[in-house]
Amino acid sequence: MARKIDSYDVIVVGGGPSGSQVAYKLAGMGYIVGVVEKKATLNGDICCTGLVSRECVDKFSIPEVVIHRWASGAKLFPPSGKPVHVQRDTPQVAVLNRSAFNQIWAQRAKKAGAEYRFGCNLKGVIHEKGKVTAEVSCRGQTLTLQGRAIVIATGFGTPLLDNLGLGAAGDFVMGAQAVVETDIAEVEVYFGNQIAPGFFGWLVPTSPGKGLVGLLARRDNPFYLRKLLDSLGAAGKIASADVKMNYGGVPLKPLPHTRGDNLLVVGTAAGQVKPITGGGIYFGLICADIAANTLNRALTADNLSARALAGYERAWRRKLARELRNGYLGRKAYEMLNDRQVSRVFGLLESTGIIEELSRSEELSFDWHADVITRVMGQKLMAKTLNSITMPFSRKKTAGSAG
Ligand SMILES: Cc1cc2nc3c(=O)[nH]c(=O)nc-3n(C[C@H](O)[C@H](O)[C@H](O)COP(=O)(O)OP(=O)(O)OC[C@H]3O[C@@H](n4cnc5c(N)ncnc54)[C@H](O)[C@@H]3O)c2cc1C
């Protein structure tokens, strides 16, 4: 029978991609790692489309077995006018089977030695004599787990962070999604305030005959998703609009603080998400590795004070702060456009050749948007179109502090 340990080097809270990545890394380094996950299993529906770049797949060796398919292009539908086609020569984006990905990531961490406790909800954290005690509710029982450090990787909307004095994400958006039957072959993205106020909607083919219809929107997600499903049904793009909806949220700004004494916050819980697309898997994995390396140094030195863990905060902000800041400014600029202006922007992107040029250039990345945003906003005609809402964009390559 497996040994039940109530005391760990590191307690990881959340068995999503970020939590399992930290657990895998630390267990592989020889630490005793416990993962606490509030869901009873990892094979349920997840409100996430699962799009990640080839860069992410390669860097983290995501196996083909959890990839539904690859996409090399997408059709972008402005509020009016014909769709704009973005196409690359080689497939750039993988559509992950999100539930299979979570399971395989957890299995990998378990194989490395991490212990998972499912159906266990973290209720509170107490600091005592350089250690942390986690109060966990497990299927009606209260457990007390001890750790030298705790990693919070609980995804979107954890009240715990505020309670721990780490603040809350400065801005967020809610999303909704449904699994549908569809035969479309290409990713479609829909823009306009009548479709998804402030953001966009999508239809993404996944496994044969199936797809995901979803949106991120500033308000009324159920209403707008229903409307989108109905219109896609009427257009014959999906078989039936009578489907179950899932809901989730995405932070658009990082937490003010992502570390404390004996504590790090990683992934979507920390706001490590692309504000342009709402994608958080890749940035979460990047930051999970940074967290594991920082913890390794701190555990070795036996100094887990907030000060000793500052390297985590510095390193992830150095890597991502400019992306998060410029992405957020680009997002806010977009949100200020009315549908006519959005259509005009799309028209300009095509007529000025920006789309075609970007399609061929390495600059058009699924993950790194800061340079493209700066470039598009700096384009003369574009600036004229947007002159009433032009925002201050930095052209500097170096990272600043996160917004
Ligand atoms: C509609 C929608 C579409 C999206 N599409 C994409 C996409 O295409 N590509 C992309 O990269 N990102 C996408 N995202 C974002 C992506 O889902 C997240 O960024 C990603 O899942 C973050 O991983 P994580 O491990 O940080 O958090 P999560 O995946 O949210 O995992 C957190 C885990 O912690 C557990 N947990 C929470 N609280 C507790 C607690 N108190 N105790 C114990 N366990 C707890 C949860 O059950 C969960 O399993 C989308 C989000 C939405 C809402």
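Of all residues in region 182-230, those satisfying the criterion of being within 25 Å of L96 (Cβ to Cβ), small (G, A, S) and surrounded by 15 or more Cβ atoms within 10 Å (Cβ to Cβ) are A196, G201, G211, G214, A217. Summed over region 230-253, the residues that are within 14 Å of the ligand (Cβ to nearest atom) and either at positive phi or aliphatic (A, V, I, L, M) (or both) give a count of 3.
Does S53 satisfy the criteria of being under 21 Å from V266 (Cα atoms) and buried (at least 19 other Cβ atoms within 10 Å of the Cβ)? Taking the combined requirement at face value, the residue does not satisfy it.
Among what's in region 141-162 and is more than 21 Å from Y312 (Cα to Cα) and modelled with pLDDT of 85 or more, pick the residue that is surrounded by the most Cβ atoms within 10 Å (Cβ to Cβ).
The qualifying residue surrounded by the most Cβ atoms within 10 Å (Cβ to Cβ) is L145.
In region 39-56, the residues that are outside the structural domain of V13 (by TED's automatic domain parsing) and modelled with pLDDT of 95 or more form Cβ pairs under 6 Å with partners that are among the aliphatic types (A, V, I, L, M) and near the ligand (Cβ under 7 Å from one of its atoms), at six or more places apart or across chains, as follows: V52/I281. Does region 302-323 contain at least one residue that is within 12 Å of the ligand (Cβ to nearest atom), touching a residue at least 60 places away in the same chain (Cβ under 8 Å) and surrounded by 18 or more Cβ atoms within 10 Å (Cβ to Cβ)? No, there is no match, as no residue in region 302-323 is within 12 Å of the ligand (Cβ to nearest atom), touching a residue at least 60 places away in the same chain (Cβ under 8 Å) and surrounded by 18 or more Cβ atoms within 10 Å (Cβ to Cβ). Here the strands (runs of 3 or more DSSP E) wholly within region 88-137 that include at least 1 residues being farther than 29 Å from D162 by Cα and within 10 Å of the ligand (Cβ to nearest atom) are 93-96. Looking across region 273-290, the residues that are within 11 Å of the ligand (Cβ to nearest atom) and aliphatic (A, V, I, L, M) come down to V273, I281, L285, A288.
The set of residues in region 216-228 being outside any loop (DSSP other than H, G, I, E, B) and more than 14 Å from the ligand (Cβ to nearest atom) consists of F223, R226, K227.
Could you tell me how many of the residues in region 174-188 are over 14 Å from N246 (Cα atoms), more than 12 Å from the ligand (Cβ to nearest atom) and of a type outside the set (D, E, K, R)? Outline the logic, then answer.
Residues of region 174-188 over 14 Å from N246 (Cα atoms): 181-188.
Those left that are additionally more than 12 Å from the ligand (Cβ to nearest atom): 181-186, 188.
Adding the requirement that they be of a type outside the set (D, E, K, R) leaves 182, 184-185.
Count: 3.
Just one of (1) within 13 Å of the ligand (Cβ to nearest atom); (2) assigned to a loop (DSSP other than H, G, I, E, B); (3) under 21 Å from D302 (Cα atoms) fails for G30. It is (1). Looking only at region 324-361, residues that are within 23 Å of the chain's Cα centre (by Cα), of a type in the set (G, A, S) and surrounded by fewer than 19 Cβ atoms within 10 Å (Cβ to Cβ) come to 1 in all.
When region 57-76 is limited to residues that are in contact with a helix residue (DSSP H, G or I) (Cβ under 9 Å, 6 or more places away or on another chain) and at pLDDT below 95, the one that is farthest from G278 (Cα to Cα) turns out to be G73.
Selection of region 189-215 for residues being more than 15 Å from the ligand (Cβ to nearest atom), of a type outside the set (D, E, K, R) and part of a strand (DSSP E or B) yields only F191.
Among the candidates D45, D58, the residue that is assigned to a loop (DSSP other than H, G, I, E, B) and closer than 29 Å to V95 by Cβ is uniquely D45. Taken across region 153-173, residues that are away from the ligand (no atom under 14 Å from the Cβ) and of a type in the set (S, T, N, Q) do not occur at all. Residues in region 233-256 that are under 10 Å from T182 (Cα atoms) and outside any loop (DSSP other than H, G, I, E, B): G233, I238.
The values are calculated or read from the model by the stated rules, or taken from the named source; none is laboratory data. Please read these numbers as outputs of a predicted model, since none were measured by experiment. Every residue, glycine as well, gets a Cβ built from its backbone with ideal geometry; the counts of neighbours run over all protein chains shown.
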